[in-house]
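Data first, discussion second: the structure below is written as structure tokens.
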Amino acid sequence: MATLLPPPKRQKVYHGIPEPEPEPVVPTPNVVVQFVSEEDGKSLAPAVSLPANVSREGLEALVNKLSKSEDDPVPFAFYVKLPVDKNAAPGAPTQIVLSKSIEADVLNHTTADVTPEDVIIVHCSPQSVFRVRPATRCSSTLSGHTSPILCASFSPTGNLLATGSGDTNARLWDLNTETPSHTLSGHKGWVLCVEWEPMERKLATGGHDGHVRLWDPKTGKPFGDALRGHSKWVTSLAWEPAHINPTTPRLASSSKDGSVRIWSTSTRKTEYTLGGHSASVNVVKWGGSGGPKGVLYTASSDRTVRIWDAERGQPLHTLKEHAHWVTTLALNTDFVLRTGPFDHTGKKPLSDEEAKQMAKARYDNLLKTTPELLISGSDDHTLFLWSPFPSSSPASAESPKHSVTKPVARLTGHQRQISHVAFSPDGRWAASAAWDNSVRIWEGRTGKFVATLRGHVGAVYRLAWSADSRMLISASKDSTLKIWDLKTYKIKIDLPGHTDEVYCVDFVADKVVSGGRDRHVKIWKH
């Protein structure tokens, strides 16, 4: 049968209104670009001539193609040094970071004396150059909890693991020796959430008894008695980021009673309570943008996400788009906020001031290319991507203004309720898990759909990313964990071994830790 051509496209008809002028196409000059390495100034590739409006992502792909390395593509940050200007004001910038394209950032730059005739030397600095090895085997199975394990979280340095269980205890495990270190008993009901302070000096746990407790991870002893105030169980906890307050960070706890309380850890009193939600608050996150003390994001069963100024708790925005309970939130800065000053190099800060600077540098480094973004997931089967503070990043400060309370994108495709959403540590991807047995990958900046990861035969409960953003692991009702290959979007490694549903998973360095209904903590490694 002959191939049928599709019918020609209909011309748009303008009924009674004048046809708009076609936008004139601005010709783009071609420029000669020389890519050099930021470290030693050696050229990475021969000089190439290309249109000046090639996007930053296009340049990245090009450098990876031209440099003959066999490895995975490396993410690059690009910048152009400005010519030395005698009349420039002291303290004026000496280089321009490429955030959109050479045309937008360099040729149209006000002070840069660069014309399309010049050879433009672009300095490339590779990002995230370390690699995480995929876990392939279970190296330890640790028993101790006498009820299902409901939550698990790595400490910021990755040396300790905290788990919370239905047996009313939280437990600490030493990950270097893979042995139990302390049992934290005190709650009167299930321990529903555990959260590490970013400097790793305290651990907070929230329970079904409505209490929040603080623990010293070195000794396993509580700091004083429980923080009481919630009338129903605690659903989530969030610490003040280390780049805002490294010494005595405050703690936010959200509860089924519809309130969020901000606790001062030094006085152990509630500093203020956020009312305003009319139903259970399911998640609280403490972001680093939007105010001197950051902002609080809260998601609730009243179908809204609210944003509050963290200094005194004034409401800033209410995001109303979801048609059902909002059950999960993720920030693209989650990873750097959670790990504070500690990165993969293992350097320890000597003082709180140094820790604050290290944490601030890591946070600002991520915000160079993107503002702090938020994804909310709901029982209405959809997710929304929000950019509440576009001016927090140079990359989006000039972008067209959309209303802050309107989503950047609606992420649809899941067929059942969303159980968890998580951004990759570099913020470039987001992954969502749902009760429809699938995981979906989205572009972290735009919310565009990338791929569906299929393979689980039960609901997917939790996700965790590796620190280099190259691998994703999912925990499911079908009692398995799966590590996904993000080049082929297929299963890279299947990790069976649990004998019942897996409720929680976390990824640190090259270890994976999981826990679930079979009451065992499993540590998986390469």
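Values computed for the structure shown
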item: Some residue of region 267-276 being under 21 Å from V421 (Cβ atoms) and not aliphatic (A, V, I, L, M); result: no
item: Residue identified as modelled with pLDDT of 75 or more and under 31 Å from the mean Cα position of the chain (by Cα) among V80, V32, V48; result: V80
item: Strands (runs of 3 or more DSSP E) (entirely within region 401-450) containing at least 2 residues that are closer than 24 Å to R56 by Cβ; result: 409-411, 429-434, 439-443
item: Condition check for T452: surrounded by fewer than 21 Cβ atoms within 10 Å (Cβ to Cβ) and over 25 Å from V305 (Cα atoms); result: yes
item: Subset of region 193-235 (residues that are among the acidic types (D, E), within 20 Å of T273 (Cβ to Cβ) and part of a loop (DSSP other than H, G, I, E, B)); result: D209, D225
item: Output for region 289-303, where each listed residue is over 19 Å from V421 (Cβ atoms), open to solvent by 10 Å² or more (accessible area, probe 1.4 Å) and either touching a Pro at 6+ places or on another chain (Cβ under 9 Å) or of a type in the set (K, R) (or both); result: G290, K293
item: Residues (at negative phi and part of a loop (DSSP other than H, G, I, E, B)) located in region 292-308; result: P292, K293, S301, D302
item: Hey, S514 in a strand (DSSP E or B), within 16 Å of the chain's Cα centre (by Cα) and modelled with pLDDT of 90 or more or not; result: no
item: Positions within region 427-461 being under 27 Å from N365 (Cβ atoms) and either modelled with pLDDT under 90 or not small (G, A, S) (or both), in sequence order; result: G427, R428, W429, I441, W442, E443, G444, R445, T446, G447, K448, V450
item: Residues that are more than 16 Å from G516 (Cβ to Cβ) and in a strand (DSSP E or B), drawn from region 171-192; result: L172, D174, T179, P180, S181, H182, T183, L184, S185
item: Unique residue being over 30 Å from R56 (Cα atoms) and in a helix (DSSP H, G or I) when the list is E311, E353; result: E353
item: Test: residue in region 243-261 that is in a loop (DSSP other than H, G, I, E, B), under 19 Å from the mean Cα position of the chain (by Cα) and over 26 Å from G447 (Cα atoms); result: yes
item: Odd one out for F507, checked against (1) aromatic (F, W, Y); (2) open to solvent by less than 50 Å² (accessible area, probe 1.4 Å); (3) modelled with pLDDT of 90 or more; result: (3)
item: Members of region 480-501 that are in a loop (DSSP other than H, G, I, E, B), closer than 11 Å to K522 by Cβ and open to solvent by less than 30 Å² (accessible area, probe 1.4 Å); result: H498
item: Only one of S139, S147 that is touching a residue at least 12 places away in the same chain (Cβ under 8 Å) and either part of a strand (DSSP E or B) or acidic (D, E) (or both); result: S139
item: Selected residue (only one of R250, R306, R261 is within 20 Å of V421 (Cα to Cα) and of a type in the set (K, R)); result: R306
item: G158, sole failed condition from (1) buried (at least 17 other Cβ atoms within 10 Å of the Cβ); (2) of a type outside the set (S, T, Y); (3) at pLDDT 90 or above; result: (3)
item: Cross-chain or 6+ apart pairs with Cβ under 7 Å, region 9-35 first and among the aliphatic types (A, V, I, L, M), then surrounded by 10 or more Cβ atoms within 10 Å (Cβ to Cβ) and part of a loop (DSSP other than H, G, I, E, B); result: V31/A52; V31/P116; V32/A47; V33/A47
item: Complete set of residues in region 53-77 that are at pLDDT 70 or above and of a type in the set (D, E); result: E57, E60
item: Test: D379 is open to solvent by 20 Å² or more (accessible area, probe 1.4 Å) and either touching a Phe, Trp or Tyr at 6+ places or on another chain (Cβ under 7 Å) or at pLDDT 90 or above (or both); result: yes
item: Qualifying positions in region 1-58 - among the small types (G, A, S), open to solvent by less than 70 Å² (accessible area, probe 1.4 Å) and not in a loop (DSSP other than H, G, I, E, B); result: S37, S55, G58
item: Residues of region 335-357 classified as on the phi < 0 side of the Ramachandran plot and open to solvent by less than 40 Å² (accessible area, probe 1.4 Å), total; result: 8
item: Residue count for region 10-41, restricted to those that are out of contact with any Leu (no Cβ under 9 Å at 6 or more places or on another chain) and either among the acidic types (D, E) or more than 11 Å from H123 (Cβ to Cβ) (or both); result: 22
item: Any hit, region 208-222, residues being surrounded by fewer than 23 Cβ atoms within 10 Å (Cβ to Cβ), of a type in the set (F, W, Y) and more than 18 Å from R338 (Cβ to Cβ); result: no
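The values are calculated or read from the model by the stated rules, or taken from the named source; none is laboratory data. Computed from a prediction, not measured in an experiment: that's the story for all the values here. Here the Cβ is made from the backbone with ideal geometry for all residues, glycine too, and neighbour counts use every protein chain on show. Please note that ligands, DNA and RNA were not included when accessible areas were found on the heavy atoms of the full protein model with its side chains. Shrake-Rupley method; radii C 1.70, N 1.55, O 1.52, S 1.80 Å.
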